[in-house]
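This report refers to the structure that appears directly beneath it.
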Amino acid sequence: MSFDSIHNYYEQLVFHRLNEMVAAEFIESEAEFLCDVACVALNHLPARYVRHEVDMVFYMTPDERERIDREVRNAVSLAVDYVLNHRRLPTPASARSR
């Protein structure tokens, strides 16, 4: 049995938001940074597993869609700030040789 069709509904929303931001704000961003941001953002959103997005969208009201969009934007913004503030800086060579 294959479970490949099951995924977290928020994943594509977060990835889409990050792609929008990359085009507008983080053109030179490294892939590792964006992956870290995606992970942090997804960890701040509820898990909503679906097989097909259309199933979820069909049953949502416009207010629910707006709320989810707001939650994703907020989670991604907070995640960007978090990752920027918690990045590991390269260890200076003098500290490595001790």
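No lab work stands behind these numbers, since they all come straight from the coordinates. Values in this document were obtained by computation on a predicted structure and should not be read as measured data. For neighbour counting, all protein chains shown are included, and Cβ atoms are generated from backbone atoms with ideal geometry for every residue, glycine included.
Tell me, what ³J(HN,Hα) does each residue in the range 2-11 have, in order and in whole Hz, if you take phi through Karplus 6.51 cos²θ - 1.76 cosθ + 1.60 with θ = phi - 60° and put x for Gly and Pro?
For the range 2-11, the Karplus curve yields 10, 10, 4, 7, 8, 7, 6, 4, 6, 4 Hz.
Testing the spin-label approximation: label points 7 Å from Cα along Cα→Cβ at Ala31 and Asn85. State their distance in nm.
For Ala31 paired with Asn85, the spin-label model returns 2.9 nm.
Under a Cβ-Cβ cut-off of 15 Å, what is the net charge of the residues other than Arg65 that fall near it, where Lys and Arg count +1 and Asp and Glu count -1?
Details: positive: Arg17, Arg48, Arg67, Arg70, Arg73; negative: Glu53, Asp55, Asp63, Glu64, Glu66, Asp69, Glu71.
Once positives and negatives cancel, what remains is -2.
Given labels modelled 7 Å from the Cα in the Cβ direction, how far is it in nm from Val22 to Thr61?
Spacing of the two 7 Å Cα→Cβ label points: 3.6 nm.
If you stretched the chain out fully between Arg51 and Asp4, how much longer would it get, using 0.36 nm times the residue separation minus the C-alpha to C-alpha distance? Each step should come with its number before you reach the end.
Working: separation 47, 0.36 × 47 = 16.92 nm, distance 0.87 nm.
Gain on extension, Arg51 to Asp4, equals 16.0 nm.
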